[in-house]
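The values are calculated or read from the model by the stated rules, or taken from the named source; none is laboratory data. Predicted model, so just to flag it, every value in this text is computed and none were measured. Positions of Cβ are backbone-derived with ideal geometry, glycine not excepted, and every protein chain shown enters the neighbour counts. Calculation scope for accessible area: heavy atoms of the full protein, side chains included, ligands and nucleic acids excluded. Shrake-Rupley method; radii C 1.70, N 1.55, O 1.52, S 1.80 Å.
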Amino acid sequence: MAAFPSILVLPLLLVATVPLSHAVDLDGIQIAQVQIAGSLFCSASGNLEPGSNFTGAVGVNVGLICDGNQNIVAGATTNTSGGFLIIVNVPVSASIINITNCTVEVSLPLVNCTLTPIVGRLLADINLLEVITVPVLGGVAMFVIGLFRYVL
C-alpha cells in the first residue's frame with residue numbers, strides 16, 4: 001500500500017504542467033472565437049466579377065486550412081446566396097492552428113457551377129476586419145476573405 005500516494009502524485013504533477021488555456025491574443029484581447037465570412041460565386045475565379053450578374057455558388061463546402069497544412073481545421077457550407085461563415089472556437093483549436101497563417105479553400109469542381117475549372121482548388125487569404133468583445137464569450141476576431149485564386 002506504500003505505492004498508493006505516489007500514484008496520486010503523478011497525475012497531479014501532470015495536470016499542474018498543462019496550461020489551463022490555449023487562447024490567442026490579438027490586439028491585447030484574449031480571443032475565444034474566430035469568425036471568417038465570405039462569398040463564393042459561380043464564376044471562373046469564384047469571385048464576383050465587375051459588371052457581372054453571377055449567382056452565388058450554393059451548397060459548397062468551404063474549409064479553413066492553416067500553417068501550410070492541407071487538413072481542414074474548420075468548415076462551412078455556402079448558403080443560397082453563396083455566402084458562408086466559418087466559426088472556430090479558439091480554446092479548442094489554438095494548439096493546432098495559427099489563425100494569422102490560414103487560408104480558405106474550396107475544392108473543385110463545383111457540382112452546380114459549370115464555369116469553374118474541373119480540377120484544382122480555389123484559395124483565398126483571410127484579412128482581419130475587427131476584434132470585438134462579447135460579454136459572455138470574450139474576444140471575437142472577425143475576418144473576411146480576400147479574392148479567390150486558382151491553384152492546380
If you check every pair at least six apart or on different chains, which have Cβ atoms under 6 Å apart with a residue in region 40-61 that is under 16 Å from Ile145 (Cβ atoms) first and a residue that is in a loop (DSSP other than H, G, I, E, B) and among the β-branched types (Val, Ile, Thr) second?
Leu40/Val60; Leu40/Thr78; Ala57/Thr78; Val60/Thr78
Qualifying residues in region 103-118 (those that are in a strand (DSSP E or B) and in contact (Cβ under 8 Å) with a residue 40 or more places away in the chain) - the one surrounded by the most Cβ atoms within 10 Å (Cβ to Cβ)
Val104
State all residues of region 36-80 that are farther than 26 Å from Thr114 by Cα and either open to solvent by 40 Å² or more (accessible area, probe 1.4 Å) or outside any strand (DSSP E or B) (or both); if no residue qualifies, say none.
Asp67, Gly68, Asn69, Asn71, Val73
Exactly one condition in (1) open to solvent by 20 Å² or more (accessible area, probe 1.4 Å); (2) out of contact with any Leu (no Cβ under 6 Å at 6 or more places or on another chain); (3) at pLDDT 90 or above; (4) of a type in the set (Val, Ile, Thr) is not met by Val136; state its number.
(3)
State yes or no: is Val9 open to solvent by 20 Å² or more (accessible area, probe 1.4 Å) and either modelled with pLDDT of 90 or more or not in a loop (DSSP other than H, G, I, E, B) (or both)?
yes
When you scan region 139-152, how many residues do you find that are of a type in the set (Val, Ile, Thr), open to solvent by 40 Å² or more (accessible area, probe 1.4 Å) and either modelled with pLDDT of 95 or more or outside any strand (DSSP E or B) (or both)?
1
For the structure I just gave you, tell me whether Arg121 is surrounded by 12 or more Cβ atoms within 10 Å (Cβ to Cβ), in contact (Cβ under 8 Å) with a residue 40 or more places away in the chain and farther than 19 Å from Ile29 by Cβ.
no
